[in-house]
Amino acid sequence: MKVLNKKELLFIENHFSEDADKLFLKYHKEQVNEIDYLYCINQIKLRRKFADKFPSFVLRRDFLFPLSLNLEQSSSEYTAAYKSMLLKQGETLLDLTSGFGIDDIYFSKKAKRIVCVEQNKMLVDLLSYNFECLQAKNYLCVNADAEEYLLSAENFDVIYLDPARRDENKNKVFEIEASQPNVLKLIDVLRSKAKRIILKLSPMVDLKQIEKSFENISDIHIVSLKNECKEILVEILNHKVEEINYHCVDIKSLSFENDDFFLCFNKLSQRDNKLSQRDNFLNQRLFKYLYEPNVSILKLGRFEALIDKYGFEKLHRHSHLFTSENLLEDFEGRSFEVLEQRNASPKALKDITQANITVRNFPQTVKEIRNKTKIKEGGELYLFFTTIGNEEKICLICKKI
């Protein structure tokens with residue numbers, strides 16, 4: 001594996017802020033024995049491209065990054081930091097799908113010992129190198145097939161898996177059984193080898209399908225980063241569990257402070273699975289403020305719990321938008337001031353030339369609405385095309401708070 005020397009490290013540090021394509025044109029014909037210009041320029045390009053995903057690692061000139069595809073499939077530094085919170089101090093951990101190893105780097109900060117299994121030799125060597133740069137001592141990187149290694153592995157406190165979600169043609173897959181390795185087939189062996197299993201699944205996977213697929217689930221974490229759902233984490237124990245805890249998470253910083261929020265719900269109550277008395281009342285009132293829950297909450301669908309907590313009203317059973325007369329300061333999602341309610345026809349909106357558009361329980365897509373209204377994207381106005389309690393299709397003109 002390529003290891004950078006002092007001159008190469010200095011080249012990356014000195015040219016980090018420069019355009020990689022321009023650097024390539026300038027240096028691709030240069031012949032200096034101590035500097036592999038193409039490799040260094042590629043490292044600069046990767047650092048620039050993924051600076052938002054790995055903010056603290058791109059600042060280390062000795063830290064190396066793999067090919068772009070490996071980085072795109074890797075966990076972000078933010079979600080890796082959150083996953084490390086699921087590990088108890090001093091536990092042993094086996095990661096059967098290590099990949100680039102960002103999760104393992106964060107796990108190693110709490111684990112007594114961590115074994116990282118990866119079938120790609122290049123990634124194994126790279127992770128070993130980066131662990132050394134970070135002066136970690138409690139790791140072992142193994143180049144092996146996950147299923148084969150598992151059969152002869154010792155017992156661990158925790159086994160972590162992030163199955164590959166691409167088929168043989170490199171197309172994305174979302175079904176649990178289509179991922180590699182197939183966790184459904186391995187689950188009994190996994191339970192025999194660890195007290196607890198943590199699975200990272202696609203944000204597109206259906207939560208009900210997860211509950212049907214696995215027994216003894218203790219926790220399901222719906223993890224969003226800056227209001228974009230990134231992954232579903234499933235904790236499975238090797239003994240009977242009475243109920244599932246559901247965690248809705250939105251991360252905005254590595255420190256997990258400020259605007260980050262964490263909501264935890266116990267097992268879904270009967271009234272969350274049925275049409276409650278409140279849902280039977282088709283609300284036709286629109287108050288001064290409008291609320292759109294964070295995507296993690298939208299994924300879980302625990303809207304009755306939100307109504308109980310905040311006392312606001314739901315516009316329609318299927319719209320998942322809420323309204324109140326007084327502003328809620330601590331709402332977990334986006335808040336808006338309603339400026340006006342209009343008919344949803346293009347004619348009623350002809351004076352609006354630019355706005356951000358959201359569709360909730362509405363028969364047209366955002367693209368279709370833009371084509372018909374000619375409203376350009378962006379600006380300070382937010383338009384919500386939705387349905388209210390009397391089944392009327394409306395457009396709410398709002399200002400974000």
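Annotations for the structure displayed:
- Highest-MSF residue in the chain out of N138, N171, N227 [GNM, Cα springs under 10 Å]: N171
- Contact order relative to length of region 272-400, as percent, for alpha carbon pairs under 8 angstrom and 6 or more apart: 28
- By the rule of a C-alpha distance below 24 Å, with chain neighbours fewer than 8 residues away ignored, the lysines paired with K288 are K309, K314, K350, K393, K399, K400.
- DSSP-assigned coil residues among GluC sites (Glu not before Pro) in region 1-34, each with at most 11 further Cβ atoms within 10 Å: E30, E34
- Each listed q (0.21, 0.24 Å⁻¹) maps to a log10 I(q)/I(0) for region 6-49, found by the Debye formula over equal Cα scatterers with no solvent: -0.59, -0.77.
- Here the chain carries DSSP beta bridges of which approximately 60% are antiparallel, counting only pairs with both residues inside.
- Taking other residues whose beta carbon is less than 14 angstrom from the beta carbon of S152, and scoring Lys, Arg as +1 and Asp, Glu as -1, yields -3.
- Region 293-377: trypsin sites (Lys or Arg not before Pro) falling in loop per DSSP and having at most 13 other Cβ within 10 Å: K350, K374
- Between the labelled values (i) 5, 23, 33, 27, 11, 2, 0; (ii) 5, 21, 29, 27, 16, 3, 0; (iii) 4, 19, 25, 22, 18, 10, 2, 0, the entry that holds P(r) over Cα pairs in 10 Å bins from 0, in percent as derived from this structure is (iii).
- Helical mean residue ellipticity (222 nm; -39500 (n - 2.57) per DSSP H run of 4+; nearest 500) of the chain: -8000 deg cm²/dmol
- The charge dipole of region 6-49, taken about its Cα centre with unit charges on the Cβ of Lys, Arg, Asp and Glu (plus for the first two, minus for the last two), comes to roughly 140 debye.
- Entries of K88/K252; K208/K240; K7/K29; K22/K45; K49/K374 with Cα pairs more than 21 Å apart: K88/K252; K49/K374
FYI, it's all coordinate maths here, none of it is from the lab. The shown structure was predicted, so the numbers you read here are calculated from the model rather than taken from an experiment. Note: ideal-geometry Cβ built from the backbone for every residue, glycine included; neighbour counts use all protein chains shown.
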